[in-house]
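The values are calculated or read from the model by the stated rules, or taken from the named source; none is laboratory data. Being a predicted model, the structure only gives us computed values, none of them experimental. Don't worry about glycine lacking a Cβ; one is built from the backbone with ideal geometry, like all the others, and counts go over all protein chains shown. Surface areas here come from the heavy atoms of the whole protein model, side chains and all, with no ligands, DNA or RNA. Shrake-Rupley method; radii C 1.70, N 1.55, O 1.52, S 1.80 Å.
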Amino acid sequence: MTSFKALLLACVLAPLGLSACSTSQAPGQYNTKTNWTSSFISKVVGGQSMPDGVNNWSCQPSAGQNPVVLIHGTFSTTMYSYGALGPALANESLCVYSMDFGAAKAGDWFQGVGAVDDSAQRIADFVISVKTATGRDKVTLIGHSQGGLIGFYYLKMLEGSKHVDRFVALAPSVNGTSIAKTPDRTLVEYCLACADQHPKSELMRRLQNGPITVPGVQYSIVVTKNDLVVLPVEKQFVQEPGVQNIYIQDVFPGKRVSHSGMLYDRDSIGMITRLVKGEQARPSTQQVQAR
């Protein structure tokens, strides 16, 4: 990126109070970004490729916890999607890993546009690398938006259930979204993943042939009623036995949080962290008092 582009971004965003150093950090902890824009600037201006605490390959999972693999969504990267959640999980002594995928060309600011099945295969290969590095038999998956769809596809279609114990899907496009324009990849030049996320795409037909979930995996789906991206909102849920479907607003009444905003909202992050650790979605009395 040229220095002119970096200067332009800084000048445009500075009056809005949005800077690359917009972070939250307690002593001895990893930096958590406070919003999507902060993460974006840290990547395209500051050159930060991954959130703090993510891809620490010397990390050893604590007893009872498996390594966590993050999957980002469409027009995104790990940095944009998980600039807060990634460090927050690492600050809970979890080993957190991720990779960017689905770029139309090298160096693109926005990724996750490749075919969903191709991206799922890349995640499958990455999970094996994480297992090898950590010595664990299984991982815990987190997927946001298209990342949630990729997680469901990987678990069912690529036998990912052999490698995963728990899957936390955040606003997943598991049943597609009504804002997708066409289900036909041949009519799309740039975002094949957008066509795949049409409710009537061939990929959706394959995934929805029979149950979507598979035995041996603990599924949780977290959704915000304020979502304007994956529509209709209620189709983000999977109504199958054993799936924990959760509206953020049922846990935190009155909470207004967007499709991507859930990834930077303190309450939502706390709930996601609890689900990743196998705990209840609602905070305990002690956790409420500590806030």
Complete set of residues in region 260-280 that are buried (at least 22 other Cβ atoms within 10 Å of the Cβ) and either in contact with a Lys or Arg (Cβ under 6 Å, 6 or more places away or on another chain) or farther than 16 Å from T32 by Cβ (or both): L275
Test: residue in region 108-118 that is assigned to a helix (DSSP H, G or I), surrounded by fewer than 18 Cβ atoms within 10 Å (Cβ to Cβ) and of a type in the set (F, W, Y): no
Segments classed as helices (runs of 4 or more DSSP H), wholly inside region 177-291, with at least 2 members that are out of contact with any helix residue (DSSP H, G or I) (no Cβ under 7 Å at 6 or more places or on another chain) and free of Cβ contacts under 8 Å to residues at least 24 places away in the same chain: 202-207, 266-276, 285-290
Boolean, S220 is of a type outside the set (A, V, I, L, M, F, W, C), closer than 19 Å to D118 by Cβ, buried (at least 17 other Cβ atoms within 10 Å of the Cβ) and at pLDDT 95 or above: no
Test for A103: is it modelled with pLDDT of 95 or more, open to solvent by 40 Å² or more (accessible area, probe 1.4 Å) and in contact with a strand residue (DSSP E or B) (Cβ under 9 Å, 6 or more places away or on another chain): yes
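Residue-wise test of (1) open to solvent by less than 20 Å² (accessible area, probe 1.4 Å); (2) at pLDDT 95 or above; (3) over 22 Å from S145 (Cα atoms).
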residue: P15; (1), (2), (3): no, no, yes
residue: S49; (1), (2), (3): no, yes, no
residue: T74; (1), (2), (3): no, yes, no
residue: T77; (1), (2), (3): yes, yes, no
residue: A90; (1), (2), (3): yes, yes, no
One residue from L89, L155 being assigned to a helix (DSSP H, G or I), touching a Ser or Thr at 6+ places or on another chain (Cβ under 7 Å), more than 21 Å from V54 (Cβ to Cβ) and touching a residue at least 40 places away in the same chain (Cβ under 8 Å): L155
Filter result for V127 (out of contact with any His (no Cβ under 6 Å at 6 or more places or on another chain) and open to solvent by less than 10 Å² (accessible area, probe 1.4 Å)): no
Unmet criterion (only one of (1) open to solvent by 50 Å² or more (accessible area, probe 1.4 Å); (2) in a helix (DSSP H, G or I); (3) within 24 Å of L85 (Cβ to Cβ)) for R136: (2)
Selected residue (criterion: farthest from H198 (Cα to Cα)) from residues of region 51-65 that are in contact with a Lys or Arg (Cβ under 8 Å, 6 or more places away or on another chain) and surrounded by fewer than 24 Cβ atoms within 10 Å (Cβ to Cβ): P61
